[in-house]
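In what follows, a single structure is set out as structure tokens and then discussed.
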Amino acid sequence: MINLPNIDNPYQENSLNLKDSREETIKELFVNIRNRGFNIGSFVHLHPRFTFQGKKFYQHFNLERDILKCVFLIAKFIKEDLNVFGESHHARFMTVSQMDGNLGKGTSGNVSVVGGGLTGLIKCLNLEWSPVFCRAVDLDPSIFARKAADHIYDEYYDANRDIIEVAYDTNQRKTPFETTEIIEENKPIQARITKESVFLVSGGAKGVTATCVKAMAKVFPCKFILLGRSDIQFDLPAYAVNDSDERNLKSLIMQDLKKSGKASLADVKKIYNKIVAKKEIEETLATIRAEGNEAMYIKGDVTKVATFKNALNTASAKLGKITGIIHGAGRLADKYIQDKTAQDFENVLSVKLDGMLSLLAATDIMDLDYLIMFSSVAGYYGNVGQSDYAIANEILSKAAHLFKTNHSNTHVSAINWGAWDSGMVSGELKAQFEAMGVKLVNSEGGAAMFLNELNNRYEDQASTIIGGTLPAGISYLGELKTHHIVKTITAKNNPFLQDHVIQGKAVLPVVNAVGWMAQNCERLYPDYRVYEISDTRLFKGLVFDQEDEKTYTLELKEEAKSEEEIKFSATVLSQGKKLPIIHYKANVVIRNKKAIPAAPTFNLKKNTSVALKDGKELYKNGALFHGPNFQGINQIIDSSDKHMLLSCTAPNVSAEEQGQFPVDSVNTFFSDIQYQGMVVWVQQFNDGAKSLPLQTENVTLFKPVPFEKLMYVHIDITESTEYKMIANCTVMDEEGTVYMKTSGAAVTVSKQLQWN
């Protein structure tokens with residue numbers, strides 16, 4: 001147990017004390033631990049609960065920031081231990097906060113948000129440390145201590161490496177997800193911006209922020225005060241007035257310096273940057289003014305309000321009171337965590353966090369119609385080498401939700417930008433992004449999306465993502481392992497089961513069990529996806545009464561692995577009176593997403609001479625027993641003793657309805673609809689006999705089958721007896737693109753079986 005500095009009630013037993021958060025102190029602590037013969041196998045940080053009184057939302061920022069820096073530096077000094085241990089064992093790096101049980105994005109108005117930066121650190125470490133399990137957990141502080149400990153235990157032993165952050169309120173476990181909105185072009189924007197509106201903009205005279213501000217000036221009549229560190233109070237040298245070529249300018253600067261006898265590359269770079277900054281700032285001001293808007297530039301350090309407060313007062317006296325803030329300033333220090341320093345942490349965090357505090361301190365926040373903060377997907381998704389930057393941006397995103405809670409009349413938005421094709425993305429970094437398939441935000445499109453974010457319709461959305469995602473983590477393969485995942489299943493936690501009731505009992509569909517096995521394989525390796533499932537067998541199905549609570553073990557045994565694919569044998573078991581009971585078995589192959597072949601096509605032929613049959617009638621006349629979540633057959637297009645063709649659409653099953661069997665790459669609900677087609681065929685050609693899935697030889701998944709998309713299922717009958725029917729099934733879209741192929745799917749044939 002490590003007691004961090006300045007924490008009340010330090011833990012006494014078997015504990016070590018950090019007297020301060022200096023880098024040297026933390027390094028010495030771990031040197032002493034190793035000198036005692038210990039290496040670090042896992043690390044868990046329990047973050048204190050901080051609330052503030054009155055309007056002093058920054059009350060604990062310094063203390064909390066110090067704790068954050070300690071955790072950041074601890075990660076630096078235990079990196080090697082954890083990664084070595086993780087090559088052969090289960091190494092973990094985990095943080096637990098007590099903000100609000102909503103990852104700092106709830107409606108509690110007195111939560112200190114600096115601890116929210118922990119999620120940014122965790123997400124970056126997850127990308128940098130492939131052998132280590134990384135997880136951030138946020139607990140509602142009203143959860144009782146014993147229950148909180150149970151949640152921490154569950155997350156510590158969770159096998160799903162595809163989830164990085166989790167929240168618990170008093171009722172449920174939650175993970176974040178994105179909702180996509182496609183924005184139509186040339187739609188009018190309704191905003192609270194008038195000719196009297198005055199925006200204070202940090203970092204707004206250059207780069208990405210300037211691009212957004214110039215676009216804003218073209219659309220809205222308003223005024224701008226641009227704040228930056230550059231000095232523009234000097235005359236450009238004559239040679240620089242009309243020349244912007246970098247090579248030419250630097251050559252001319254060198255020639256000019258040689259005249260004075262003092263010429264160095266460092267001096268050339270310094271003068272060049274000074275000239276370029278002045279020209280860009282003046283171009284930004286000129287663009288704004290050309291649109292008929294007023295604009296002023298003031299020099300100052302956004303992290304220190306005293307450096308610009310007087311100049312701001314003068315500008316505000318001329319232009320009017322500040323009604324909007326755009327905090328676009330940022331600073332990078334990209335390095336792997338082991339190469340980071342305490343100074344890197346301070347420098348990067350200061351621009352975002354202290355900058356936000358300075359801008360708010362320099363204005364009357366009660367006058368603000370807009371508070372727009374430029375955050376980054378580096379915080380939302382994590383990014384290699386940007387742990388400090390991710391921490392800073394996650395704090396901004398949490399601060400946006402806090403401010404909106406306490407100032408409901410202000411339009412607040414933390415924009416998590418994807419990487420732009422300009423600004424802080426160098427040519428080399430741009431090439432790396434493109435090689436990894438990461439789409440960059442182009443300047444024109446990004447500026448248009450920024451303008452759209454000022455729309456009144458988004459004033460209650462305190463954080464948003466604009467632009468593409470960042471690269472996913474790279475899985476660490478290591479040696480072959482066997483994973484055991486334990487799950488306690490209840491009917492009430494899985495509402496969809498009430499739509500799959502046979503003879504009064506809720507029965508887990510075989511496809512959901514198979515999806516559980518297969519998708520847990522891919523969750524162990526986030527850059528792989530389920531590609532093939534074979535030799536699926538049902539031994540003893542899972543049947544539930546409403547109050548049943550049963551515990552099952554999912555055993556995933558790695559049989560072979562390579563950079564291209566990993567093979568598992570999967571088994572679902574439960575404890576019998578003497579021996580384990582086997583319920584389901586399957587072999588699963590997950591493939592690296594880059595190694596999944598292109599989907600084939602199927603020559604979809606529709607027999608137009610046959611009358612279509614309404615598939616929805618099957619759920620009404622008793623042919624099928626399935627409830628709404630499984631009712632996906634639209635029409636029987638064609639059928640014979642050799643085949644059947646269906647049009648199907650899987651209903652959109654909510655996350656709440658999916659319960660403990662969420663859909664990822666395997667749409668288990670559509671898979672069940674496919675088997676329903678086989679059940680219908682058996683009834684048509686076996687005098688109304690009923691049937692249930694028995695086993696499947698092979699399923700190949702080329703593309704995930706979406707909800708609410710019209711699909712076609714072709715069923716090719718290969719064997720039919722009075723006891724069993726076997727078929728091959730192909731799932732495709734209207735263009736004939738194949739999403740899933742199933743071979744050797746077998747169902748029982750029974751005239752004695754009844755649904756009710």
Open item on the list: List the helices (runs of 4 or more DSSP H) inside the range 199-293, counting only whole elements, that have at least 3 residues being assigned by TED's automatic domain parsing to the domain that holds Gly445 and of a type outside the set (D, E, K, R).
Closed with: 207-219, 265-290
Open item on the list: Take the residues in the range 165-198 that are β-branched (Val, Ile, Thr) and either in a strand (DSSP E or B) or in contact (Cβ under 8 Å) with a residue 60 or more places away in the chain (or both); name whichever of them is farthest from Asp369 (Cα to Cα).
Closed with: Thr170
TODO: Go through Ile78, Ile40, Ile74 for me and flag whichever is outside any helix (DSSP H, G or I), touching a residue at least 24 places away in the same chain (Cβ under 8 Å) and out of contact with any Gly (no Cβ under 8 Å at 6 or more places or on another chain).
DONE: Ile40
Open item on the list: Tell me which strands (runs of 3 or more DSSP E) are completely within the range 546-662 and hold 3 or more residues being assigned by TED's automatic domain parsing to the domain that holds His714 and touching a residue at least 40 places away in the same chain (Cβ under 8 Å), or say none if there are none.
Closed with: 633-639, 643-648
Task: Odd one out for Met356, checked against (1) part of a helix (DSSP H, G or I); (2) surrounded by fewer than 24 Cβ atoms within 10 Å (Cβ to Cβ); (3) of a type outside the set (Val, Ile, Thr) - done: (2)
Task: Leu63 in contact (Cβ under 8 Å) with a residue 24 or more places away in the chain and of a type in the set (A, V, I, L, M, F, W, C) - done: yes
Task: For Asp245: the one exception among (1) surrounded by fewer than 18 Cβ atoms within 10 Å (Cβ to Cβ); (2) closer than 28 Å to Asp301 by Cβ - done: (2)
Task: Count - residues of the range 55-71 that are assigned to a helix (DSSP H, G or I) and polar (S, T, N, Q) - done: 1
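Keeping to the range 281-293, report how many residues are touching a helix residue (DSSP H, G or I) at 6+ places or on another chain (Cβ under 9 Å) and either surrounded by fewer than 17 Cβ atoms within 10 Å (Cβ to Cβ) or of a type in the set (Gly, Ala, Ser) (or both).
From the range 281-293, those touching a helix residue (DSSP H, G or I) at 6+ places or on another chain (Cβ under 9 Å) are 281, 283-284, 287-293; that's our starting set.
When the remaining residues are screened for being either surrounded by fewer than 17 Cβ atoms within 10 Å (Cβ to Cβ) or of a type in the set (Gly, Ala, Ser) (or both), the result is 283, 289-292.
Of the residues in the range 281-293, 5 are touching a helix residue (DSSP H, G or I) at 6+ places or on another chain (Cβ under 9 Å) and either surrounded by fewer than 17 Cβ atoms within 10 Å (Cβ to Cβ) or of a type in the set (Gly, Ala, Ser) (or both).
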TODO: Please name all residue pairs, on different chains or six or more residues apart, with Cβ atoms under 6 Å, provided the first residue is in the range 110-128 and is surrounded by 24 or more Cβ atoms within 10 Å (Cβ to Cβ) and the second residue is basic (Lys, Arg).
DONE: Val113/Lys398; Val114/Arg65; Gly116/Lys398
Task: Conditions (1) more than 30 Å from His483 (Cα to Cα); (2) touching a helix residue (DSSP H, G or I) at 6+ places or on another chain (Cβ under 9 Å); (3) surrounded by 13 or more Cβ atoms within 10 Å (Cβ to Cβ); number of the one not met by Lys585 - done: (1)
TODO: Among what's in the range 1-37 and is in a strand (DSSP E or B) and in contact with a helix residue (DSSP H, G or I) (Cβ under 8 Å, 6 or more places away or on another chain), pick the residue that is nearest to Arg92 (Cα to Cα).
DONE: Ile2
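The values are calculated or read from the model by the stated rules, or taken from the named source; none is laboratory data. Predicted, not measured: the structure shown is a model, and the values here were computed from it. Heads up, the Cβs are rebuilt from the backbone with ideal geometry, glycines too, and the neighbour counts pull from every protein chain shown.
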